[in-house]
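Report on the following structure.
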Amino acid sequence: MPLNIDGCIEGSYQLIGGNFATAGEASTCLKLKLTELGVAETIIRRASIATFEAEMNVIIYAAAGWLHYYITPHGIKIRIEDMGPGIEDIELAMQEGFSTAPEWVRELGWGAGMGLPNMKKNSDLFKIDTVVGEGTTVEMVINIP
Amino acid sequence: MTLAEISEILDALSIVSPEETDDVPFHSVCSADLMSDVLYYHAPNSLLITGLTQPHVIRTAEIAGIKAIVFVLNKKPDARTIELAQQKKIPLFSTPYCTYTASGKLYEAGLRSLRDA
Ligand SMILES: Nc1ncnc2c1ncn2[C@@H]1O[C@H](COP(=O)(O)OP(=O)(O)O)[C@@H](O)[C@H]1O
Ligand SMILES: [Mg+2]
């Protein structure tokens, strides 16, 4: 299937903290959109894994947030901004296995401390900005070769 | 290896049956109870062996490209998990074995992890 992207396709999804019932739906919708646009499967997988982890962090740690996406023939840019507690020590948070997830979240299978590393691993550009007490913004770009 | 063969090796009970037309062979397996580990593996077209039964397993499987799920220790997912699996067309099974034994049996039968392949 040929790539069917004309200019820049963009959109947003609102994310509600603590809402596990629908958590992951934004990433699933984005995945479907990329499939419809004819993006290669490996690129879709990287983009949706990175997005899903970022979406879950908003659900787990923040009160609310937004997922914005921008798709061009050259790549997928995803920006996830939340109104949450922020991250005190980014270097520590980026370490594989580091997690402050509460027990009830762990019981649901989250809190492996692999979310941020998974985002970084799956994106060609990864940027995180955070202000303690205000929120966190993660920006990722996945190139379309 | 087909799902029917896998199911027989694991003495598994079918919870959500595969589509009749969908008989893609499986070459790899991923065993995990942590969602991020499943995502870390990058195991498209694999079978997932897990002890977690909530709906999030299905969402994670879909994102990771997992094609079927086996729950260990006779665990049965709740109605929401089953409904989501039907919607996403991800077959579900339940095996009496624990993760270690279920993984061992499939390893013995020739299935490997994509990660170490
Ligand atoms: N959006 C966020 N807001 C506040 N804290 C966050 C956010 N994302 C990540 N963190 C912090 O970074 C840690 C590591 O995140 P991550 O790698 O996704 O692992 P996990 O979510 O499994 O704990 C979290 O446990 C949490 O303390
Ligand atoms: Mg996380």
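Structure notes:
- Residue within the stretch A:115-126 that is among the small types (G, A, S), within 21 Å of B:Y40 (Cα to Cα) and within 12 Å of ligand 2 (Cβ to nearest atom) present: yes
- In the stretch A:78-145, counting only helices (runs of 4 or more DSSP H) that sit wholly within it, the ones holding 1 or more residues that are of a type in the set (D, E) and more than 17 Å from A:W66 (Cβ to Cβ) span A:90-94, A:103-107.
- Test result for A:V58, within 16 Å of ligand 2 (Cβ to nearest atom), within 11 Å of the chain's Cα centre (by Cα) and assigned to a strand (DSSP E or B): no
- Taking first residues from the stretch B:31-52 that are farther than 11 Å from B:I66 by Cβ and open to solvent by 10 Å² or more (accessible area, probe 1.4 Å) and partners that are of a type in the set (V, I, T) and part of a strand (DSSP E or B), the Cβ contacts under 9 Å between residues at least 6 apart in sequence or on separate chains come to B:S31/B:I49; B:S31/B:T50; B:D33/B:T50.
- Only one of the numbered conditions (1) open to solvent by 40 Å² or more (accessible area, probe 1.4 Å); (2) assigned to a helix (DSSP H, G or I); (3) in contact (Cβ under 8 Å) with a residue 60 or more places away in the chain; (4) not β-branched (V, I, T) is not met by A:A47, and that is (1).
- The set of residues from the stretch B:79-117 being surrounded by 19 or more Cβ atoms within 10 Å (Cβ to Cβ), in a helix (DSSP H, G or I), in contact (Cβ under 8 Å) with a residue 60 or more places away in the chain and of a type outside the set (A, V, I, L, M, F, W, C) comprises just one member, B:S103.
The values are calculated or read from the model by the stated rules, or taken from the named source; none is laboratory data. None of these values were measured; they are calculated from a predicted model. Please note: Cβ atoms are built from the backbone with ideal geometry, for glycine as well, and neighbour counts cover all protein chains shown. Only protein heavy atoms, including side chains, enter the accessible area calculation; ligands, DNA and RNA are left aside. Shrake-Rupley method; radii C 1.70, N 1.55, O 1.52, S 1.80 Å.
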